[in-house]
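Where a number appears in this text, it was derived from the coordinates with a stated rule and is not lab data. All values reported here derive from a predicted model rather than from experimental measurement. Every residue, glycine as well, gets a Cβ built from its backbone with ideal geometry; the counts of neighbours run over all protein chains shown.
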Amino acid sequence: MFPPRPDRMDAMAVDEIRANLAAVRARVDAACAAAGRRPDDVRLLPVSKTVAIPALRSAVAAGITTFGENKVQEARLKAEALADLPVSWSVIGHLQTNKAKYVARFASEFQALDSLKVAAALDERLMVEGRSLDVFVQVNTSGEASKYGLPPDEVERFVAELPTFSCLKVRGLMTLAVFTPEEARVRTCFRLLKALRDRLRDVAPAGVALDELSMGMSGDFEWAIAEGASVVRVGQAIFGRRPTADGTYWPGLFPATETVD
């Protein structure tokens with residue numbers, strides 16, 4: 001299903017990553033064509049959690065300039081190690097307030113905002129750093145207790161509070177679909193997010209943009225594109241099967257042996 005993780009990160013690895021990336025982009029293009037959409041309307045976010053720093057250098061050589069990371073500490077170390085390269089970082093995992101200062105320093109995007117406390121912590125640290133941060137509001141569209149994200153019926157009230165935080169630039173909504181091979185159940189999650197976004201566009205306060213929908217990973221991004229995704233988060237289809245289970249990054253969400261993006 002996913003390519004094996006290469007053991008060596010030399011010039012051949014660059015070619016392998018480039019080939020995997022081209023294959024994923026071809027799938028994105030095909031999904032867009034099937035949905036009557038333009039490929040330029042869908043941004044591919046390569047997810048590099050557990051990928052070693054030498055491999056990330058190979059990925060940059062293969063044409064990748066933005067990486068998505070779940071754990072702040074891992075992302076921070078990688079950002080420092082690759083500071084000599086023109087890359088940006090998207091934090092896509094749950095954030096604790098005590099780690100907001102790190103995200104404010106190195107990230108260009110945060111896709112898992114679901115707490116006003118986190119919003120306040122980020123805004124305070126961003127003011128210190130003299131910069132702003134693109135953010136997505138995370139929505140729990142599956143209703144699973146194991147998932148982070150706001151219940152759909154709380155999103156409107158939450159979004160109404162966000163103009164208070166002047167350093168946060170709201171770009172859209174993000175979700176993780178239910179983890180199942182059942183297409184109908186997965187697409188229901190994506191459809192719910194799009195419907196919510198479409199409704200909130202009419203009532204969102206000034207300064208809050210809800211243009212983006214971040215949804216879909218390696219196993220389901222074609223379905224997400226069909227339902228309107230503008231950002232798809234893809235890891236394993238580019239970098240190969242990771243040795244660390246996704247339960248390490250999303251505790252309680254995936255079986256201990258499963259990895260999905």
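In table form, for the structure just shown:
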item: Any chance VAL28 is farther than 18 Å from VAL232 by Cα, of a type in the set (Val, Ile, Thr) and in a helix (DSSP H, G or I); result: no
item: Cross-chain or 6+ apart pairs with Cβ under 7 Å, the stretch 193-216 first and of a type in the set (Val, Ile, Thr), then in a helix (DSSP H, G or I); result: VAL203/GLU156; VAL208/VAL159; VAL208/LEU162; VAL208/PRO163
item: Only listed residue being farther than 27 Å from ARG131 by Cβ and basic (Lys, Arg), chosen from ARG241, ARG233; result: ARG241
item: Selected residue (criterion: surrounded by the most Cβ atoms within 10 Å (Cβ to Cβ)) from residues of the stretch 31-81 that are outside any helix (DSSP H, G or I) and basic (Lys, Arg); result: LYS49
item: Those residues of the stretch 186-235 which are small (Gly, Ala, Ser) and more than 12 Å from the chain's Cα centre (by Cα), in sequence order; result: ALA195, ALA204, ALA206, GLY207, ALA209, GLY219, ALA224, ALA226, GLY228
item: Residue check, ILE64 in contact with a strand residue (DSSP E or B) (Cβ under 6 Å, 6 or more places away or on another chain) and touching a residue at least 24 places away in the same chain (Cβ under 8 Å); result: yes
